[in-house]
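Down below is the structure, laid out as structure tokens.
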Amino acid sequence: MEISNSRIAKILRDVAASYIIKNIGNIFQVRAYENAADSVEHSTTEVQDLWEEGRLEEIPALGEKIRSYLDELFKTGKVSHFAEIKKDIPEVVFELLDIPGIGPKLAQKIADLGIKSIEDLEIQIKTGSLVQKGFSAKLAQNIMEGLREVKNRGKRMLLPYAFVQAEKVVAYLKQSQDVIDVHPLGSLRRMVATVGDLDFSVSSNNNEKVVDYFCKMPGVSRVLDKGSYKATVALKSGIQLDLLVGEPNSYGALLQHFTGSKSHNIKLRELANQMGYSLSEYGVKRVEDGKIIQTKTEDEFYKLLGMRTPLPEIREDTGEIEAALRQAQGKLPGLPKLVESKNIKGDLHLHSNFPIKSPSHGPGGDTIEDIVKKARALNYEFVGIADHSPGFSTNSPQEIIKWVKERTNFIRELQKRTKSIRILNGLEIDILGNGSLSIPDEALVYLDYCIAGIHSGHRGTKEIITKRLLNALNNPYVDIVSHPTNRLLNERDSSDADWPQIFQAAAKNNKLLEINAFPNRLDLRDDLVRLALKSGVKLVVNTDAHQIEQMGNMLFGVAQARRGWATAKDIVNTWDWKNFAKWFNM
Ligand code: DGT
Ligand code: CA
Ligand code: CA
């Protein structure tokens, strides 16, 4: 039986934890197991292979005693001493130890409450039952974060999360005197919805010092690869980072190479070959005489290949290289003038805590007044409050109509007192299973606009999902369809639907599709944005914020619009009020 290094490390750590829980042995024994576990985990060769070759001594920090236990482990698959030590400790304790923030004593304390599994623990935190049993709210929250971290291990990071992590790394690198410039690159620079690992470039005349400094960054758990110009490290959080260091004279080529995408780079390389150049992260080489042609900036790099610089978001080899070549030759169509965050004039999908009896879905956390205040701070010209409607099954049509009237009056009163921004009265309504809306038409007449979205039955067949979306797009009261594919990143795939047919209907009926900027949605997806635009569909970028802080996520939605080649004229919430109001018949 093959026993992996990480499995061996886990076995050793569990023994150390058992010593602590049972209060047996001394601190040196505990440390011996922990150090041995670290050493095994970091070994670049399989420990079992070394054992087979009689070379176990080569692993540092393995004392004679522990080597003999490993000998028993590899021969029999178990260690009787370990079994003795672990006896009477519930199995869940050892599962809990894998969660960041849970040590041996805490794990035992959780098990003492009768909690039998991680799922059980999660439920007890969510229902508040753990706090009732005497745990502090802070501790419960810490455990919850640890649980989330475990779940996300090995998964791709959400773009906004990757963004924050990268900012910390950039701040650290900038502190080094040897760093002239630093950039986060790869999928993060291209603003892909999910990011695998984080890539950084540094411009420096002192590459080895920068590599050393990078490997010593706080939070690094393991250096996976280290050369004189590059390094790969893993952080304790599980994130992996790549670094490439280049000299200032050829930094343009480095930026370009490490931004990718891979398919964009491959196409460029073919083009360069035809022109007699060969490309690498170190620069452009003229094949004829082997001379390196220095490109200090990305613009110089692309110019050398006879093209304009395509913005990072569209470097996916989907026509941008051809467009960049045409543009440099003064031909059409050239590169698109992509929409920018600063073009956004308002956000139409915001959830407030306006009182509501049994809402269909969770309300927001802030008052309409605070949302309006935040929108003004963001320099918006208009702001649309789009709460979920009252629950359809728990409220009568009369109750719903009454509530909509009350809320409409509230917003009108607030507008009277607020001069500097237009406050729009919207709602987000469910598209029910049969495609009809979850509130009566008599209520819809009070609204400035109506967002309709699917919030149930996402796994329906292609025919059913298509029909539900088409029904909404054919409803005269609907203005916007929210988060059209209903994907949840790392959780739920896009619903299957006939997108070309849906886009045709949206374009024909002058309905907007939303690019929802919520971090785990980013929906409409980039590829479908491009397809929708080809059908002539207009879009709106909204944050779907449930807390005012989340109104700052707008840039991630705009990034998906950019990845789909959208220009400002494609996105109605970049338009002047006059044109915007005309679109909505306001
Ligand atoms: P990720 O990390 O999966 O979210 O995606 P990327 O695009 O960040 O990919 P990554 O981290 O493997 O590599 C960063 C960039 O380096 C990539 O976008 C382009 C460049 N690159 C990586 N591998 C290759 C390759 O095999 N050929 C070429 N031409 N470029 C590559
Ligand atoms: Ca990457
Ligand atoms: Ca990488």
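The values are calculated or read from the model by the stated rules, or taken from the named source; none is laboratory data. Just so it is clear, the model here is predicted, and its values are computed rather than measured. Cβ atoms come from the backbone with ideal geometry, glycine included; neighbour counts cover every protein chain shown.
Does any residue of the stretch 183-200 turn out to be outside any strand (DSSP E or B), surrounded by 16 or more Cβ atoms within 10 Å (Cβ to Cβ), out of contact with any Phe, Trp or Tyr (no Cβ under 8 Å at 6 or more places or on another chain) and among the basic types (Lys, Arg)?
Within the stretch 183-200, one or more residues are outside any strand (DSSP E or B), surrounded by 16 or more Cβ atoms within 10 Å (Cβ to Cβ), out of contact with any Phe, Trp or Tyr (no Cβ under 8 Å at 6 or more places or on another chain) and among the basic types (Lys, Arg).
Using the structure shown, decide if Val211 is away from ligand 1 (no atom under 14 Å from the Cβ) and at pLDDT below 95.
So Val211 fails the test.
Looking only at residues in the stretch 146-198 that are in contact with a Pro (Cβ under 8 Å, 6 or more places away or on another chain) and more than 23 Å from Gln256 (Cβ to Cβ), which one is modelled with the lowest pLDDT?
So the residue we want is Glu149.
Against the conditions (1) within 14 Å of ligand 1 (Cβ to nearest atom); (2) closer than 27 Å to Phe163 by Cβ; (3) at pLDDT below 95, where does Val223 fall short? Just the number, please.
Going through the list (1) within 14 Å of ligand 1 (Cβ to nearest atom); (2) closer than 27 Å to Phe163 by Cβ; (3) at pLDDT below 95, Val223 breaks only (1).
Residues are listed down the side, and each one gets a yes or a no for (1) in a loop (DSSP other than H, G, I, E, B); (2) within 14 Å of ligand 1 (Cβ to nearest atom); (3) surrounded by fewer than 16 Cβ atoms within 10 Å (Cβ to Cβ); (4) within 29 Å of the chain's Cα centre (by Cα):
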site: Ser237; (1), (2), (3), (4): yes, no, yes, yes
site: Leu243; (1), (2), (3), (4): no, yes, no, yes
site: Leu254; (1), (2), (3), (4): no, yes, no, yes
site: His264; (1), (2), (3), (4): no, yes, no, yes
site: Ala323; (1), (2), (3), (4): no, no, no, no
site: Gln327; (1), (2), (3), (4): no, no, no, no
site: Lys342; (1), (2), (3), (4): no, no, yes, yes
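For the list (1) over 30 Å from Tyr213 (Cβ atoms); (2) touching a Pro at 6+ places or on another chain (Cβ under 8 Å), I need the number of the one condition that Lys296 fails.
Of (1) over 30 Å from Tyr213 (Cβ atoms); (2) touching a Pro at 6+ places or on another chain (Cβ under 8 Å), only one is false for Lys296: (1).
With respect to Asn249, determine if the residue is assigned to a helix (DSSP H, G or I) and free of Cβ contacts under 8 Å to residues at least 40 places away in the same chain.
no
Could you list all residues from the stretch 100-138 that are of a type in the set (A, V, I, L, M), in contact (Cβ under 8 Å) with a residue 24 or more places away in the chain and under 27 Å from Glu491 (Cα atoms)?
Matches in the stretch 100-138: Ile102, Ile118, Leu121.
When both residues are 6+ apart or on different chains and their Cβ atoms are under 6 Å apart, which pairs have a first residue that lies in the stretch 74-88 and is under 12 Å from Leu12 (Cα atoms), and a second that is in a helix (DSSP H, G or I)?
Short answer, once both residue conditions are applied: Val79/Tyr69; Val79/Glu72; Val79/Leu73; Phe82/Val15; Ile85/Val15; Ile85/Ser18; Lys86/Ser18.
Of these, Val541, Val537, which one is at pLDDT 95 or above and either under 17 Å from Gly426 (Cβ atoms) or not assigned by TED's automatic domain parsing to the domain that holds Pro363 (or both)?
After ruling out the rest, the residue left standing is Val541.
With the condition kept exactly as written, say whether any residue in the stretch 219-226 is within 16 Å of ligand 2 (Cβ to nearest atom), buried (at least 17 other Cβ atoms within 10 Å of the Cβ) and either assigned to a helix (DSSP H, G or I) or not basic (Lys, Arg) (or both).
Looking for residues that are within 16 Å of ligand 2 (Cβ to nearest atom), buried (at least 17 other Cβ atoms within 10 Å of the Cβ) and either assigned to a helix (DSSP H, G or I) or not basic (Lys, Arg) (or both), one finds none in the stretch 219-226, hence no.
Within the stretch 230-265, how many residues are within 16 Å of ligand 2 (Cβ to nearest atom) and under 20 Å from Thr309 (Cβ atoms)?
Final tally of qualifying residues: 13.
Looking at Arg492, Arg562, Arg521, Arg525, can you tell me which residue is within 21 Å of Thr194 (Cβ to Cβ) and modelled with pLDDT under 95?
Arg492
How do the pairs read when you match residues in the stretch 178-206 that are over 15 Å from Glu167 (Cβ atoms) with residues anywhere that are near ligand 1 (Cβ under 7 Å from one of its atoms) and modelled with pLDDT under 95, using Cβ under 6 Å and keeping only pairs 6 or more apart or on different chains?
Thr194/Arg156; Gly196/Arg156
Can you tell me which of Glu84, Glu122, Glu95 is touching a helix residue (DSSP H, G or I) at 6+ places or on another chain (Cβ under 8 Å), within 21 Å of Tyr33 (Cβ to Cβ) and part of a helix (DSSP H, G or I)?
On inspection, the qualifying residue turns out to be Glu95.
On the given criteria, is Ala375 buried (at least 16 other Cβ atoms within 10 Å of the Cβ), part of a helix (DSSP H, G or I) and not acidic (Asp, Glu)?
yes
Can you find, within the stretch 183-197, the residue that is farthest from Arg156 (Cα to Cα) among those that are within 9 Å of ligand 3 (Cβ to nearest atom) and within 12 Å of the chain's Cα centre (by Cα)?
Out of the qualifying residues, it is Ser187.
Return the total of residues in the stretch 246-283 being within 16 Å of ligand 3 (Cβ to nearest atom) and either touching a Gly at 6+ places or on another chain (Cβ under 8 Å) or farther than 22 Å from Arg315 by Cα (or both).
Residues that pass the stated criteria total 5.
In the stretch 164-182, what residues are in a helix (DSSP H, G or I) and either within 14 Å of ligand 3 (Cβ to nearest atom) or among the small types (Gly, Ala, Ser) (or both)?
Gln165, Ala166, Val169, Ala171
Name the single residue that is nearest to Ala506 (Cα to Cα) among those in the stretch 452-469 being crowded, with 20+ Cβ neighbours inside 10 Å and out of contact with any Gly (no Cβ under 6 Å at 6 or more places or on another chain).
Selected residue: Leu469.
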